[in-house]
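The values are calculated or read from the model by the stated rules, or taken from the named source; none is laboratory data. Because the structure is predicted, anything quoted here is derived from the model rather than measured. Counting neighbours? That spans all protein chains shown, and the Cβs are built from the backbone with ideal geometry, glycine included. For the accessible areas, the whole protein counts, side chains as well, though only heavy atoms, and no ligand, DNA or RNA atoms are used. Shrake-Rupley method; radii C 1.70, N 1.55, O 1.52, S 1.80 Å.
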Amino acid sequence: MAANQAGLEPLRLSILGMRCAGCVSSVETALAAVAGVTAVNVSFADHSAMVQGHADAAALIQATKLAGYDAAVMEALEDPAAEEALEAQRYRQLMSKAIVAGGFGLLLMLLEHLGWLPAMGSAAGRWFWPQTAVISLAIMIYSGWHFYSGAVQSLRVGQATMDTLIALGTGSAWLYSCIVIDYYGSLPSLATHAYFEAAVVILAFINLGTALETRARGKTSSAIRELLGLQPRTARVIRNGEERDVPIVEVGLGETLRVRPGEKIPVDGVVVEGHSTVDEAMLTGEPMPVEKSANSQVAAGTMNQTGSFLFTATRIGRDTALAQIISSVRQAQSSKPDIAKLADKIAAVFVPVVVAIAVLTFFIWYIFGPEPSLAYAFVTSMTVLVIACPCALGLATPISVMVAVGRAAQAGILIRNGDALQSAGKLTCLVLDKTGTITEGKPVVVSVETLGEIDKDAVLQLAASIESGSEHPLAAAILAAAAEKQLTLEKMTGFAAIAGFGVSADYKGQRVLFGNKALMDREQVKFSRFNNKLEKLSALGQTPMLLALGDSIVGIIAVADPIKKDSAAAVAKLQSLGLRIIMVTGDNQITAHAIAKQSGIAEVIAQVLPQDKAGVVQSLQQQGEVVGMVGDGINDAPALAQADVGMAIGTGTDVAIASADVVILQGSLLKVPEVISLSKATVINIKQNLIGAFFYNTLSIPVAAGLLYPIAGILLNPMIAGAAMAMSSLTVVSNANRLRWMKW
């Protein structure tokens, strides 16, 4: 984390835990003691601290925590409108440079075509051509200064770039033209052509190509801009019993905020009062609104719909889920997959090689070329320099990665690095966790059967009544089912939880038992005639529980963690892609195979501890498989890290972004084949770009050097070379942007 620089901008912290004015002194003392701090001003009114100096933000937060408080950086949010304005400004500047250079160059070309330019040896020519040299130099400085300064900077560090080629090509054109003017009488008549128009028109084409490329490249950042656009600028905070709208940067940790219908949620938090539905589509890709009530988590940038509610801020600034997602997308967009390394290595030596080819071309034409050999030598070497600019080569990989990562983000998929984007399409085996990945991860009542004189509702009512005092995970499922049917719980006495068996209690003078077969066997309640039914339920992956009233079994309630509605379809789609699918779970063999059967998975490894899942992945890799792991991103972290591509799948704001290469923000496995399809499409797109760029340079350089002249009398014009170079870059960008419209 960068240190805060005094004199530039103070660091603003939100302080959580201050309850009186006396706390201010404690926080100020703690912050002032941090190395590099020059001034501290803590405000109790809004629970914030302004810190001047060179202190590291992490050190300030740590000092605050050691003093007994909590802190988070409060920082201004990025403005997508401002970013778009800057891009538009750069586009206008490039277009202006292109128009100025192109206008003058095309005017010279038109006058030459019409025969209206004065001869260099004439009285008018001795005035006209020096003036033209000065004007063209001024235009070159205006339209190409960024190229020339870049070339000089590269030279200082011993490097050569595309700026070097452009500067050499256009600069030599202008210099040669000046020599022609000064030594007009000493040169052969056929060598006395000035190339001022070529120099400026080349700059015009390159600036035009860069401008169009900038506009096309701007579309690749649309996902980031949409995410940034989710950030509201203000929030409605309740302070001292009053509601007030404040800038988002002034919202502190622990503050209570109100969200009204149709408003965006400003920061992450937990609902404390009210009920509503929230559209989380831009964060998760899930189109259905999510209901929110007390204790529900809400995320910054999501859209509240119908109701109004109060919530407590738990994450602000860079700590919100939205900020982390934006950071993750940006990090991925700037990363390079392995396929880019070849292009980088070639580009590193490409420019010096081109300069060498240009020099060689010059001498070959000068020594062996027809008269005027000097003019031919100059034109061909300049054309080589201009047409060989490796812009397209440099854009080939990063532009495709940017578009693909942005496209994925719009679909609720976070790709954290370029290697994962490349590797996902090469997977041969996919390891799937069961709970929360294939299944919902939440037990529910799937069936209630009555075996006595009482009806199903009465069975569920008694089971929920006796489980109301239990903390067992399955108890929650029973109580939820009873609440859904609006059943009133009966009062029971003598409750006892029997670990590993179930629960018992007394109801209206009768003993009530609810649990597994072992409980009934222990309490000598006969259940053998129900064994077949119990085995069938177990074979379906359900957990059957018996309800006994007195000495008789009166009902069976089956609880299961059902598979997600689209898991089977997702598995089928993955298998259609040629992937070997393996389910790895810590659950027992019977349940595991039942879930696998429902999902269409043939291979199952059950009763595997979380820490042993990484070993399973490693074993598959040793067999030659390229392994992807899909899990919840927290319990499966070792396996996710071991896999060639780790994919964390989850539905909350606490998605473990740092635990996997790919994070799927919603709970659907159908996103996994989308990741694989996007990976394959991106790699193909990158290869198309690289092949196109390599082919362009491989073919164009010999043509520019005059290879076709002895055969067909074809010699490439430097201005055409400049236009072709610019169009090659635009072609690469346009090809990459096709990924934006990819259909899953």
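Observations on the model:
- Taking θ as phi - 60° and the Karplus parameters 6.51, -1.76 and 1.60, the scalar couplings of the stretch 128-139 work out to 5, 6, x, 5, 5, 4, 5, 5, 5, 5, 4, 5 Hz in sequence order, x denoting glycine and proline.
- For the stretch 305-319, backbone phi angles converted through the Karplus equation (6.51, -1.76, 1.60; θ = phi - 60°) give residue-by-residue couplings of 10, 8, x, 10, 8, 9, 9, 9, 6, 10, 9, 9, x, 6, 8 Hz, Gly and Pro being listed as x.
- Per-pair calculated FRET efficiency, R0 = 22 Å: Arg92 and Ser734 via Cβ, rounded to 0.05: 0.55
- Three-way shape call for the stretch 566-614 based on the alpha-carbon gyration tensor, with the a/c threshold at 1.5: oblate
- Here the contact order of the stretch 510-602, divided by its residue count and restricted to Cα pairs under 8 Å and six or more residues apart, works out to 27 percent.
- Order by protection proxy (mean Cβ within 10 Å, highest first), peptides 691-701, 299-309: 299-309, 691-701
- Modelled FRET efficiency - R0 56 Å, Ile238 with Phe363, Cβ distances, 0.05 increments: 0.10
- Per-peptide packing, taken as the mean over residues of other Cβ atoms within 10 Å, places 486-496, 528-538 in the sequence 528-538, 486-496 from highest down.
- The distance between label points at Gln575 and Tyr142 comes to 6.9 nm (points 7 Å beyond Cα on the Cα→Cβ vector).
- Sequence-distant residues sharing a close amide H with Val559 (under 5 Å, placed H): Val446, Thr543, Met545
- Length available on full extension from Lys565 to Arg318: 0.36 nm per residue minus the Cα-Cα distance, which gives 85.4 nm.
- For Arg522 and Ser619, a Förster radius of 60 Å and the Cβ-Cβ distance give a FRET efficiency of 0.90, rounded to the nearest 0.05.
- In order through the stretch 561-568: 3J(HN,Hα) via Karplus (6.51 cos²θ - 1.76 cosθ + 1.60), integer Hz, x for Gly, Pro: 9, x, 6, 5, 4, 10, 5, 4
- The share of accessible area on the stretch 452-565 that comes from carbon and sulfur is 48 percent, using a 1.4 angstrom probe.
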